[in-house]
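The values are calculated or read from the model by the stated rules, or taken from the named source; none is laboratory data. All values reported here derive from a predicted model rather than from experimental measurement. Backbone-built Cβ (ideal geometry, glycine too); neighbour counts: all protein chains shown. Just the protein is used for accessible areas: all its heavy atoms, side chains included, with ligands, DNA and RNA removed. Shrake-Rupley method; radii C 1.70, N 1.55, O 1.52, S 1.80 Å.
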Amino acid sequence: MLGVDMPAKMNVPFFNYPRVYTDERDQLLKIFDEVGQRGAFILQQDLRDFETALAQYTGSKHAIGVGNATDGLEFGWMSIGLRPGDEVIFCSHTMLATAAAIKTAGGTPIPVELADDNLIDLDAVEDAINPRTVGIMPTQLNGRTCDMERLMNIAQRHRLFVVEDAAQALGSRFKGKHAGTFGHASAISFFPAKVLGSLGDGGAVLTNDAGIFDRSFQLHDHGRDVEGEVRSWGRNSRLDNLQAAILHFRLKSYDQVITRRRAVAAIYQARLGDLEELQLPPAPDANPDHFDVYQNYELQADRRDELKEHLKANGIGTLVQWGGKAVHQWERLGFLVKLPKVERFFRRCIMLPMNMFVSNEEVHYVCDQVRSFYRT
């Protein structure tokens, strides 16, 4: 438009995967060499050191490095001992792995609605409880922890187990307590694009329960306990020692990473918060009970698909997560329920770039383009 100075076109990828390696190349090569020189590849001291540091960081009694977060979620429910017919409630706004972990462990996943902050609707949880219900599985999504005080009160009142899907929420807190430490067990993901990412798949189980720790430990290492004695049938899901060494190195600067992500979220809030066409996630200072780490910046937008194309045409990468469907919308999985709030969300949701590699200039460019779409 005449009289409007538009910014020069930039290239802002949704996530720049090569920089997971190149930004710390020298330090990573040093770790590769040091671990390789010792031949320390499986179940070595680097893994034990990282598990100790992770437990201390989160305030959990036990941490077990596993092959991926999906395995970790399965181990939580398998350790509890789900039986056929046991129902576990979860929010359908999540990755398939959340429900799949319940199913694989022998239970039946029961999807429910999301709340205004896009996490599990606790009113819907209470409505879904019946004599077959044995547990609740909240997803601490996009780096935010739900109201775990109320959720745990519901669980205790009905004598239900709680396993947290905290894959996206390492460092996130509710009333000062870390995601993944409220329930009986939880799982964290170290997928490369996570806030704390490795150079491949990886995850961890957190628990304060000695029995769940013992059983999960056996499950992740061929049925062997911490002393190496075979106690049961298990699988092979061990976090590689090299990945553990990398994660331990990155954990030392993790709080700086969180601070930066919260700063990016604050810019998005300041620049886009007045657009009535958008529904933004809660701002960093919106509620003192919540400390969000912004694994993702997921919002709802009018004319979502058109906005996505406009941003793409201007060099900006975005993502509509999980193929644009909630778990219950994958028809071949057999769900029959209708969840209007979740379904409306997936017609409108889109993620903007949110990572350590995006600069303030790039964030402002993204905001300029979003505003130009709705205002010109």
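Could you pull out the residue among 286, 270 that is exposed (fewer than 15 other Cβ atoms within 10 Å of the Cβ) and part of a helix (DSSP H, G or I)?
When all the criteria are applied, what remains is 270.
Go through the stretch 170-189 and give me each residue that's surrounded by 24 or more Cβ atoms within 10 Å (Cβ to Cβ) and either out of contact with any strand residue (DSSP E or B) (no Cβ under 8 Å at 6 or more places or on another chain) or of a type in the set (Ser, Thr, Tyr) (or both).
172, 186, 189
Which of the residues that make up the stretch 41-56 are open to solvent by 80 Å² or more (accessible area, probe 1.4 Å), in contact with a helix residue (DSSP H, G or I) (Cβ under 9 Å, 6 or more places away or on another chain) and part of a helix (DSSP H, G or I)?
Correct list: 45, 48.
Could you list all residues from the stretch 93-133 that are open to solvent by 30 Å² or more (accessible area, probe 1.4 Å) and outside any loop (DSSP other than H, G, I, E, B)?
Correct list: 96, 100, 103, 104, 108, 110, 123, 126, 127.
Evaluate the following for residue 294: is it in a helix (DSSP H, G or I) and hydroxyl-bearing (Ser, Thr, Tyr)?
no
Any idea which of 331, 306, 276, 343 is open to solvent by less than 60 Å² (accessible area, probe 1.4 Å) and not small (Gly, Ala, Ser)?
Criteria check complete, one pass: 343.
Applying the selection to the stretch 318-340, what residues are free of Cβ contacts under 8 Å to residues at least 60 places away in the same chain and small (Gly, Ala, Ser)?
The answer is 323, 324, 334.
So for the stretch 221-237 (the condition being under 30 Å from residue 262 (Cβ atoms) and in contact (Cβ under 8 Å) with a residue 12 or more places away in the chain), does at least one residue qualify?
Scanning the stretch 221-237 turns up no residue that is under 30 Å from residue 262 (Cβ atoms) and in contact (Cβ under 8 Å) with a residue 12 or more places away in the chain.
I'd like to know if the stretch 57-66 contains one or more residues that are more than 29 Å from residue 135 (Cβ to Cβ) and either open to solvent by 30 Å² or more (accessible area, probe 1.4 Å) or free of Cβ contacts under 8 Å to residues at least 12 places away in the same chain (or both).
No - not one qualifying residue is present in the stretch 57-66.
Among the candidates 27, 37, which residue alone is in contact with a helix residue (DSSP H, G or I) (Cβ under 7 Å, 6 or more places away or on another chain), open to solvent by 70 Å² or more (accessible area, probe 1.4 Å) and assigned to a helix (DSSP H, G or I)?
The match here is 27.
Of the residues 82, 151, 122, 141, only one is in contact (Cβ under 8 Å) with a residue 12 or more places away in the chain and closer than 18 Å to residue 325 by Cα; which?
141
Pairs only if they're at least six apart or on different chains, beta carbon under 9 angstrom, first in the stretch 306-317 and under 10 Å from residue 352 (Cα atoms), second acidic (Asp, Glu); list them, first residue then second.
Pairs that qualify, where the first residue is under 10 Å from residue 352 (Cα atoms) and the partner is acidic (Asp, Glu), are 316/362.
Quick check on the stretch 346-376: of everything there that is among the β-branched types (Val, Ile, Thr) and not in a helix (DSSP H, G or I), which residue is surrounded by the fewest Cβ atoms within 10 Å (Cβ to Cβ)?
The qualifying residue surrounded by the fewest Cβ atoms within 10 Å (Cβ to Cβ) is 376.
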